[in-house]
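Please read the structure below before turning to the comments.
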Amino acid sequence: MRWITHPGWPGNLLAAVAGSLTTLALAPFDIWPLAVLSLALFYLGLRELSPRQALLRGWCYGFGTFAAGTSWIYVSIHTYGGASALLAGLLMFGFIAGVALFFALPAWLWARLLRRTYAPLADSLGFAALWVAQEAFRGWFLTGFPWLYAGYSQLDGPLGGLAPVGGLWLVSFCLALTAAILCNLARMRQYKAALVTALVLLVSPWLAAYSLQGHAWTAPAGKPLSVAALQGNIAQSLKWDPAQIDDQLALYQDLTLKARRTDLIIWPETAVPVLLDNARGYLDRLGDFATSRQSALITGVPIRQEVRHERRYFNGITVVGAGEGTYLKQKLVPFGEYVPLQDLLRGLIAFFDLPMSDFARGPADQPLLQAKGYEIAPFICYEVVYPEFAAGMAARSDLLLTISNDTWFGTSIGPLQHLQMARMRALEAGRWMIRATNSGVTALIDPQGRITEQLPSFEPGVMYGDVVPMSGLTPYLHWRSWPLICLCTLIFGWALWQRSRARRQVFTTTPAQ
């Protein structure tokens, strides 16, 4: 315990180990109690440090979190980005060291402004509020990196019932509050009122979540729709090879023509690896085939448009057959779809010149896709990991759709983490989610976040199943994160006021020298 709570390298090393436990709490391991343990160790490790010491301790925790949880980045850079093992390792280290700062700054702020060792209950509330602020800031700053959120551990855990009520961040708040209160129970024995309040705050979220498990917040808006989701399993090394394009188009055409008659036919991200302008004839023919079956075919395809007299390229989705609409991706993957500081970085290594790494960002006011008379909220790959962004589109929809190409991550845990986040979006929205990918994981997800159909990864095939259009809004879609934002703001304000009040009392009671 002394190593955990005191400054020095043993405590910093234990903080890194505590951060790495987050990975085991998430997919594919799903040992959800480790999320509480990780947060508790982080809290204990900060409780007696100076602000400067807390800054380093927070960075170590963040480094352990991302070193263990984002190993798939090395696969993308080395295997598919053309970087040597040494260079890929150095780039990954630099990335991890940078994003670990997202934990360092909140640790410093908590030790500097919010920590109140003489008021353990307020101390616990301040820690939980700052934890949520850290996750939200991490998902926004410089386009965000909303990965490895603690709340995902509860998708199949006891707190999952809170996701439709307040979203992922409400779950994260309750986890952080639980961890901090457990660490402070012994200190609150002498304060009876505080102890009773702490026990109520400790138990209530878990009881409420348990009572809400499986609750139907939304209702069917029509009859089930049959779905055929195609998984081509195109090797990433062949994906953008001009000599392989005709074979890829033929593969998806053959899978479609041989598939069973369904209402929706879904192809994955950039299943058509040529510009939409050049693929019009191909898609028109398949659109006629879909129309003859009264089906809507939805596919990923790069799109070229004129924007302010400039030719721009977008990662997009289009609908043919019994539907209409085009969607341009809004949340782009750094280095994969655009290169920050590209005037400096392009040409240095192959990783900075990946195919289709010069996409533009789509506008924010796009209409949803329409198919078979229903509104479909589309998310391309990375977009589904943004809780608030996804909620805004889901609230206008009857169905959710995400298409992706996770082949970049190989056989790492990245695709399974990605799938877990898509499942959480379905649970938050109370809507069915169709997920079509190039190599896995292609799946259908029900409004409770459960997988009803799934294809094996790294195998070509067609997944069949049914989805149900849904109407109504979950509390989270209706209110979004505003209630939680207000709560955290009140906690911050109260904690700062109490700190200022305590300092004034100390000042006024100190004898004059």
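Tabulated results
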item	result
Filter pass, PRO456 being without any contact (Cβ under 8 Å) to a residue 24 or more places away in the chain, more than 27 Å from GLN213 (Cβ to Cβ) and outside the structural domain of ASP156 (by TED's automatic domain parsing)	yes
Exclusive hit being within 17 Å of PHE103 (Cα to Cα), among the small types (Gly, Ala, Ser) and touching a Leu at 6+ places or on another chain (Cβ under 7 Å), set ALA25, ALA15, ALA54	ALA54
Flag for TRP131 being buried (at least 23 other Cβ atoms within 10 Å of the Cβ) and over 24 Å from the mean Cα position of the chain (by Cα)	no
Within the stretch 403-417, tally of residues that are touching a strand residue (DSSP E or B) at 6+ places or on another chain (Cβ under 7 Å) and in a helix (DSSP H, G or I)	1
Residues satisfying the stated conditions in the stretch 216-238, i.e. part of a helix (DSSP H, G or I) and not polar (S, T, N, Q)	LEU238
Matching residues in the stretch 461-491 - criterion: being in a loop (DSSP other than H, G, I, E, B) and surrounded by 15 or more Cβ atoms within 10 Å (Cβ to Cβ)	VAL468, PRO469, LEU473, THR474, ARG480, SER481
Failed condition for SER471, given (1) modelled with pLDDT under 95; (2) over 23 Å from the mean Cα position of the chain (by Cα); (3) among the small types (Gly, Ala, Ser)	(1)
Test result for TRP482, assigned by TED's automatic domain parsing to the domain that holds GLY167, among the hydrophobic types (A, V, I, L, M, F, W, C) and at pLDDT 95 or above	yes
Selection count, the stretch 224-257, where residues are over 14 Å from PRO460 (Cβ atoms) and free of Cβ contacts under 8 Å to residues at least 24 places away in the same chain	5
Residue list for the stretch 85-103, restricted to those being under 21 Å from the mean Cα position of the chain (by Cα) and in contact (Cβ under 8 Å) with a residue 12 or more places away in the chain	MET92, PHE95, ILE96, ALA97, VAL99, ALA100, LEU101, PHE102, PHE103
Pairs, first closer than 16 Å to CYS486 by Cβ in the stretch 154-183, second assigned to a loop (DSSP other than H, G, I, E, B) and of a type in the set (Gly, Ala, Ser), C-beta under 6 Å, six or more apart	GLY167/SER481; TRP169/SER481
Failed criterion for LYS258 (all others in (1) over 30 Å from PRO164 (Cα atoms); (2) surrounded by 13 or more Cβ atoms within 10 Å (Cβ to Cβ) hold)	(2)
Selection count where residues are more than 16 Å from PRO378 (Cβ to Cβ) and either free of Cβ contacts under 8 Å to residues at least 24 places away in the same chain or not hydrophobic (A, V, I, L, M, F, W, C) (or both), scope the stretch 420-441	7
Any chance LEU230 is over 33 Å from the mean Cα position of the chain (by Cα) and buried (at least 19 other Cβ atoms within 10 Å of the Cβ)	no
Single residue of the stretch 391-414 satisfying the filter (farther than 16 Å from SER471 by Cα and within 15 Å of the chain's Cα centre (by Cα)) that is surrounded by the fewest Cβ atoms within 10 Å (Cβ to Cβ)	ILE413
Candidate set: the stretch 301-333, residues that are within 27 Å of the chain's Cα centre (by Cα) and not in a strand (DSSP E or B); chosen: the one surrounded by the most Cβ atoms within 10 Å (Cβ to Cβ)	LYS329
Filter result (part of a helix (DSSP H, G or I) and surrounded by fewer than 23 Cβ atoms within 10 Å (Cβ to Cβ)) within the stretch 136-160	ALA136, PHE137, ARG138, PHE141, LEU142, THR143, PRO158
Selection status of ALA364, closer than 29 Å to ALA426 by Cβ, modelled with pLDDT of 80 or more, not in a strand (DSSP E or B) and not assigned by TED's automatic domain parsing to the domain that holds ALA88	yes
Selection status of GLY373, surrounded by fewer than 24 Cβ atoms within 10 Å (Cβ to Cβ) and either out of contact with any helix residue (DSSP H, G or I) (no Cβ under 6 Å at 6 or more places or on another chain) or in contact (Cβ under 8 Å) with a residue 12 or more places away in the chain (or both)	yes
Flag if ALA443 is of a type in the set (A, V, I, L, M), touching a helix residue (DSSP H, G or I) at 6+ places or on another chain (Cβ under 8 Å) and buried (at least 20 other Cβ atoms within 10 Å of the Cβ)	yes
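The rows are residues; the columns are (1) assigned to a helix (DSSP H, G or I); (2) at pLDDT below 95; (3) among the hydroxyl-bearing types (Ser, Thr, Tyr); (4) buried (at least 20 other Cβ atoms within 10 Å of the Cβ).
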site	(1), (2), (3), (4)
ALA179	yes, no, no, yes
ALA194	yes, yes, no, no
THR197	yes, yes, yes, no
VAL200	yes, no, no, no
VAL203	yes, no, no, no
GLY214	no, yes, no, no
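The values are calculated or read from the model by the stated rules, or taken from the named source; none is laboratory data. Keep in mind the model is a prediction, meaning the values are calculated, not measured. With ideal geometry, Cβ positions are generated from the backbone for all residues, glycine too; neighbour counts draw on all protein chains shown.
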